[in-house]
Amino acid sequence: DVKVTQSSRYLVKRTGEKVFLECVQDMDHENMFWYRQDPGLGLRLIYFSYDVKMKEKGDIPEGYSVSREKKERFSLILESASTNQTSMYLCASSQQGTTDTQYFGPGTRLTVL
Amino acid sequence: SQKIEQNSEALNIQEGKTATLTCNYTNYSPAYLQWYRQDPGRGPVFLLLIRENEKEKRKERLKVTFDTTLKQSLFHITASQPADSATYLCALDAGSYIPTFGRGTSLIVHP
C-alpha cells in the first residue's frame with residue numbers, strides 16, 4: 001500500500017520561529033510537492049521537486065524554502081514563521097513519466113501565534 | 001487566464017440518489033482530468049482519471065465524463081450513501097505532470 005507520511009498532524013509555533021515540516025514517501029517516486037490549503041482558496045502549490053537536490057518554485061513560494069537531500073524525503077522550511085502562514089500543509093508525490101496522479105500525506109495543521 | 005470552476009455551494013442529496021458534480025474549465029487543453037475525494041482534515045485521495053480522448057470512465061458506483069468541446073467534466077456517484085459525504089476536487093493537467101486543482105465541491109448525503 002502506497003504511503004506518504006508527514007512528521008506532524010498538528011503544530012503550534014510562535015511568530016519568528018523557524019519551522020520544519022517533513023514528508024516521506026515509500027513509493028520511490030521522483031516527484032514531490034508541497035501545497036497549502038486554505039478555506040475558499042483551494043490547494044496552492046508552494047514548491048515541487050523532480051529529483052534529489054532539485055527544486056522548483058510553485059505559485060506561492062514566498063516565505064518558504066525546501067530541501068530534498070534524499071529521494072524519499074522532502075522538507076518544507078518556514079525561515080521565520082508569520083501568522084499568515086497558519087494553514088493546512090499537504091505533501092504529495094507522483095511517479096515521473098506517467099500520468100500525474102498524486103498521492104497525498106495526511107496533512108499538517110500549522111498554527112502560528 | 002486559465003480557470004477551473006467547481007460549484008462552491010454544497011450539494012445536498014438524499015441517500016440512494018445519484019450525485020452529480022461539475023468541473024468546468026477555460027483556457028486549458030488538458031491531456032487528462034482527475035477526480036479526488038477529500039475528507040475533513042485529511043489529504044485528497046485519488047479516485048479516477050480520464051484522458052482527453054475518452055468520453056466516459058467507470059469504477060464501481062463512480063462515473064466520470066469528459067467533454068472537451070463543452071470544456072466540462074461530470075462526476076457521478078450512483079446509489080449515494082452518507083459515507084460518500086466529502087469534498088470532491090477535480091484536477092487538470094495539460095501535460096506538464098503538475099495538476100492544477102479546482103477548489104472542490106462539498107457533497108452531503110442525507111440518510
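The values are calculated or read from the model by the stated rules, or taken from the named source; none is laboratory data. Just so it is clear, the structure is predicted and the values come from calculations on it, not from any experiment. In this analysis, Cβ positions are derived from the backbone assuming ideal geometry, glycine residues included, and neighbour counts consider all displayed protein chains. Only protein heavy atoms, including side chains, enter the accessible area calculation; ligands, DNA and RNA are left aside. Shrake-Rupley method; radii C 1.70, N 1.55, O 1.52, S 1.80 Å.
Taking 0.36 nm per residue of separation and subtracting the current Cα-Cα distance, fully stretching the chain between B:Leu70 and B:Ser8 would add 20.3 nm.
For the peptide B:44-55, the mean number of other protein chain Cβ atoms found within 10 angstrom of a residue's Cβ is 2. Listed values for region B:48-57 are Karplus-derived 3J(HN,Hα) couplings in whole Hz (6.51 cos²θ - 1.76 cosθ + 1.60, θ = phi - 60°), namely 8, 10, 10, 8, 5, 8, 10, 8, 8, 9, and x replaces Gly and Pro. Sorting the Cα pairs of the protein assembly as shown by distance into bins of 5 Å, from 0 upward, gives 1, 7, 14, 18, 18, 16, 12, 8, 4, 1, 0 percent per bin. With θ taken as phi - 60° and the Karplus curve 6.51 cos²θ - 1.76 cosθ + 1.60 applied, the whole-hertz 3J(HN,Hα) list for region B:100-111 is 9, 9, x, 7, x, 10, 7, 10, 10, 9, 8, x Hz, x standing for glycine and proline. Loop-located trypsin sites (Lys or Arg not before Pro) in region A:23-99 (DSSP state not H, G, I, E or B) with no more than 10 neighbouring Cβ atoms inside 10 Å: A:Lys53. Close amide H partners of B:Ser85, meaning residues 5 or more places away or on another chain with modelled amide H under 5 Å apart, are B:Val109. Scalar couplings 3J(HN,Hα) for region B:8-18, obtained by applying the Karplus form with A = 6.51, B = -1.76, C = 1.60 to θ = phi - 60°, are 7, 7, 5, 9, 9, 9, 8, 3, x, 7, 8 Hz; x denotes Gly and Pro.
In this calculation the C-beta distance from B:Arg61 to B:Thr22 is compared with R0 = 30 Å, giving a FRET efficiency of 0.95.
Leaving ligands, DNA and RNA out of it, report the carbon-plus-sulfur percent of the accessible area of the protein assembly as shown at a 1.4 Å probe. Answer for the protein assembly as shown is 47 percent, counting heavy atoms of protein chains only.
Show which lysines lie in cross-link reach of B:Lys55 when reach means a straight Cα distance below 28 angstrom and same-chain residues fewer than eight apart are skipped. Straight-line reach from B:Lys55, under 28 Å: B:Lys3, B:Lys17, B:Lys63, B:Lys71.
If you bin all the Cα-Cα distances of region A:4-98 at 10 Å, starting from zero, the percentages per bin are 16, 52, 28, 4, 0. In terms of its Cα atoms, region B:3-110 spans 37, 28, 21 Å along the principal axes, sorted from long to short.
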